[in-house]
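These notes are about the structure you will find just below.
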Amino acid sequence: MKPFTKLLLIFIAVAFAIYNMKSPTYESTIFIACLAFAFFKTTHLPKMSVFILYILILTIMELIAASLLDNFVYGQYTGFTENTWYFSTSIVFDVCLCLYCRKSAIYFLREEPKLFDMANSLFYVFMLYLFVDLYALGENFVRNLDKLGFPEEQVSHLWGVTHMYYNIEIYKSILIGLAGICLFASVYAHR
């Protein structure tokens, strides 16, 4: 079997498994497992393993933040406020991951050019994550303009804007599968 076919099958399997779990905690857990596996396979490449280790730490911190939000925010506020907390926290971690991947890509371009592709591809995947979370946060605000002080009769037609609300799990599972494929392709190429 060709390497591209293997990667495509892994991508489909990971995306399908994540989509069927229907929980952000499971998504992060599977991505953490992918990162841990990649870290284990790259212990002989110190720069690559340090890069993966920092992404692993940031992902674990995001999972801990989501768990804390579940304990302190879920059920305490309206859906608008809860969604704003969740999406804002996710956006903060997405920005941190994007900046770290971009800085690492620039460093690898100068110091270790063969690792540039991994950091750069993960940068673009995390940019897509950032776009999905920004879109979801914006949709949350548009859908709840009446709670922000706009007259209800003027904004009631926007309550049906729910594309990302119903499809965010699909987008996130595809992106996690894509990030996993970028990791496995890089580890496979540099092993």
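The values are calculated or read from the model by the stated rules, or taken from the named source; none is laboratory data. Keep in mind the model is a prediction, meaning the values are calculated, not measured. Cβ sites come from the backbone with ideal geometry, for glycine too, and all protein chains shown count toward neighbours. Just the protein is used for accessible areas: all its heavy atoms, side chains included, with ligands, DNA and RNA removed. Shrake-Rupley method; radii C 1.70, N 1.55, O 1.52, S 1.80 Å.
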Can you tell me which residues in segment 54-78 are in contact (Cβ under 8 Å) with a residue 60 or more places away in the chain and either closer than 19 Å to GLU139 by Cβ or among the basic types (Lys, Arg) (or both)?
THR78
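Is at least one residue of segment 148-160 in contact (Cβ under 8 Å) with a residue 24 or more places away in the chain and either more than 19 Å from THR59 (Cβ to Cβ) or among the aromatic types (Phe, Trp, Tyr) (or both)? Working first, answer last.
Here is the first cut: in segment 148-160, the residues in contact (Cβ under 8 Å) with a residue 24 or more places away in the chain are none.
So far as segment 148-160 goes, no, none of its residues is in contact (Cβ under 8 Å) with a residue 24 or more places away in the chain and either more than 19 Å from THR59 (Cβ to Cβ) or among the aromatic types (Phe, Trp, Tyr) (or both).
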Among LEU97, LEU109, the single one that is buried (at least 16 other Cβ atoms within 10 Å of the Cβ) and either in a helix (DSSP H, G or I) or at pLDDT 80 or above (or both) is LEU97
Of the conditions (1) at pLDDT 70 or above; (2) open to solvent by less than 80 Å² (accessible area, probe 1.4 Å); (3) among the aliphatic types (A, V, I, L, M); (4) closer than 20 Å to GLY180 by Cα, the single one that MET61 does not satisfy is (2)
Sort out which residues of segment 29-58 are part of a loop (DSSP other than H, G, I, E, B) and either open to solvent by less than 30 Å² (accessible area, probe 1.4 Å) or of a type in the set (Val, Ile, Thr) (or both), and write them in order of number.
THR42, THR43
Do you know which of the residues in segment 132-180 that are open to solvent by less than 40 Å² (accessible area, probe 1.4 Å) and assigned to a loop (DSSP other than H, G, I, E, B) is nearest to ALA36 (Cα to Cα)?
THR162
